[in-house]
Structures are given as C-alpha cells and as structure tokens.
Amino acid sequence: MFFHIQLTHDIYLAPESLGQDIIEKLKNQVHEEVEGVCIGRYGIVIAVSNIESIGDGLVQDGTGNVCFHIEYTAIVFKPLVNEIAEALVTDVNDAGIFCQVGPLSVFVSRFHFPPELTFSSAEEPCFEGTLRTSNDNQNINEGYLVKIVKDDIVSIRIQGVKQHSQELQVVGSLKGPQLTNRLITRSQNQLENNNLYDEEDDEFGNEDYDNYGYQDDDLSSVGNNNNDMMNM
C-alpha cells in the first residue's frame with residue numbers, strides 16, 4: 001500500500017522568478033505541486049523525501065518560461081486489489097458505507113456486506129445483524145450481534161481501483177470469513193469496554209465520602225469555616 005519510489009516532474013518558472021535562490025524555489029515548488037496529488041498508476045504522493053537531480057533549464061518558445069526536469073523520490077500510497085486495510089467509517093446510508101483509508105475515500109456497497117447485516121435508521125444510521133465466526137456450529141452458537149456506525153474502524157478488502165482524472169476511485173468489500181471474524185472480534189471488544197466503563201461508573205457512584213478520608217464532622221467543619229470567612 002505504501003511504496004518508496006523515484007519519480008520525475010517538470011517545473012516551469014517565469015523569467016522574473018529566476019535568481020540566486022532558484023534551487024530552493026524549485027525544491028519548494030516540487031513539494032507544492034506533487035504532494036497530495038495522484039500520479040497516474042503510481043498512486044497518491046504522500047511526501048517528497050529527496051530531490052535527486054535538477055536538470056538544466058530549457059527556455060520555452062513563445063512564453064519565455066524556463067522548464068526544469070526534476071527527479072525525486074517520494075512515499076506514495078496505492079491500494080492494491082484484494083489487499084485488506086483498516087478503514088474509518090465516515091458515512092452510513094442505505095446504499096452502504098463510505099470509509100477513509102489513508103488519504104483515500106472508499107465506498108463499500110451493501111451488496112458487498114455479509115447478508116446478515118441490514119440497514120437501520122431507528123436510532124442512528126447503521127448496519128446491524130447477527131454474525132457467526134467461520135468455526136461456529138450454528139446449532140451450538142447463536143452468533144454475535146454486530147453493529148457498524150459512523151466513526152467505527154472496520155477491516156475491508158479492496159475490491160477495485162480505478163483512476164479518474166487526478167484521483168483514485170476505490171470500492172471495498174466486507175464479505176469473507178476473515179473479515180467476518182474481524183467484525184465479530186471488534187464488536188466483542190467494544191462491548192467488553194463498554195461493560196467495563198459501566199462497572200467503573202457504578203463503583204464510583206456507590207462510593208461514599210469515607211473512602212476519601214472525609215467524615216461528616218469534617219464536612220460540617222468546612223461549612224462552618226466558610227460561614228466564618230463570609231462574616232469577616
């Protein structure tokens with residue numbers, strides 16, 4: 001998904017931009033023009049790591065602008081088909097979910113969900129249902145309740161990648177035994193964490209002042225001291 005590769009880019013400078021600091025200008029211009037941009041089949045440039053070489057400037061006929069051919073190395077982000085990635089759910093609707101994978105937005109259609117998960121908008125838009133792990137016997141285990149809502153982290157499989165203009169269009173899938181098991185594991189971990197927080201809240205709420213070293217007489221004394229200070 002992340003690669004460190006060598007790329008090339010042409011920078012055009014107007015005649016008035018030429019000067020003693022031209023090398024620094026060219027380096028800054030490379031960062032500004034390529035970082036965050038989809039470079040064809042190479043993916044999205046995350047960061048330029050090094051400027052390898054700067055070619056001699058060639059004056060362009062008609063404009064007078066000078067073209068510099070630059071070679072640089074960069075970290076690029078390119079999703080691969082069938083790759084499994086961790087994704088942040090950014091939107092949920094009856095058509096599916098939109099996820100963020102690094103700098104990319106990925107759409108997962110409801111047709112690429114486990115069939116047990118259905119859309120619901122009773123409380124908040126979500127997909128929910130009962131799933132079984134690949135090792136479960138249906139006669140023994142009734143399954144695990146799974147719910148996908150906005151801001152959840154899910155594991156998706158990259159289903160397809162298409163370049164459109166200067167961006168990548170990516171679709172994903174939640175189908176498959178491995179992804180189902182991950183959904184169940186994550187859901188159970190969230191449930192355990194919620195139960196743990198509830199127990200801690202109950203424990204804290206049932207504690208009295210004695211646990212903190214306070215006595216009723218101490219609290220009365222504090223109140224009397226406050227009254228004395230107000231009367232001064």
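The values are calculated or read from the model by the stated rules, or taken from the named source; none is laboratory data. Everything numeric in this text was worked out from a predicted model, so none of it was measured. Note that each Cβ is placed from the backbone with ideal geometry, even for glycine, and that neighbours are counted across all protein chains shown. These area figures cover heavy atoms from the full protein model, side chains too; ligands, DNA and RNA do not enter into them. Shrake-Rupley method; radii C 1.70, N 1.55, O 1.52, S 1.80 Å.
Taking the stretch 124-224 and the strands (runs of 3 or more DSSP E) fully enclosed by it, the elements with 3 or more residues that are modelled with pLDDT of 75 or more and of a type outside the set (A, V, I, L, M) are at 126-131, 153-164, 167-173.
When restricted to residues that are within 16 Å of E35 (Cβ to Cβ) and open to solvent by 70 Å² or more (accessible area, probe 1.4 Å), the stretch 59-74 contains 0. Of the residues making up the stretch 95-123, those that are outside any strand (DSSP E or B), touching a Ser or Thr at 6+ places or on another chain (Cβ under 8 Å) and surrounded by fewer than 16 Cβ atoms within 10 Å (Cβ to Cβ) are A95, E116. Restricting the first member to the stretch 109-130 and to residues that are within 11 Å of V149 (Cβ to Cβ), and the second to residues that are among the hydroxyl-bearing types (S, T, Y), the beta-carbon pairs closer than 6 Å and six or more apart or on different chains are C126/S120; E128/S120. Scan the stretch 1-44 for residues that are outside any strand (DSSP E or B) and either out of contact with any Ser or Thr (no Cβ under 7 Å at 6 or more places or on another chain) or β-branched (V, I, T) (or both) and the total you get is 29. The selection criterion, being surrounded by 17 or more Cβ atoms within 10 Å (Cβ to Cβ) and either under 26 Å from the mean Cα position of the chain (by Cα) or in a strand (DSSP E or B) (or both), does not hold for V81.
Taking L88, is it open to solvent by 70 Å² or more (accessible area, probe 1.4 Å), aliphatic (A, V, I, L, M) and not in a helix (DSSP H, G or I)? No.
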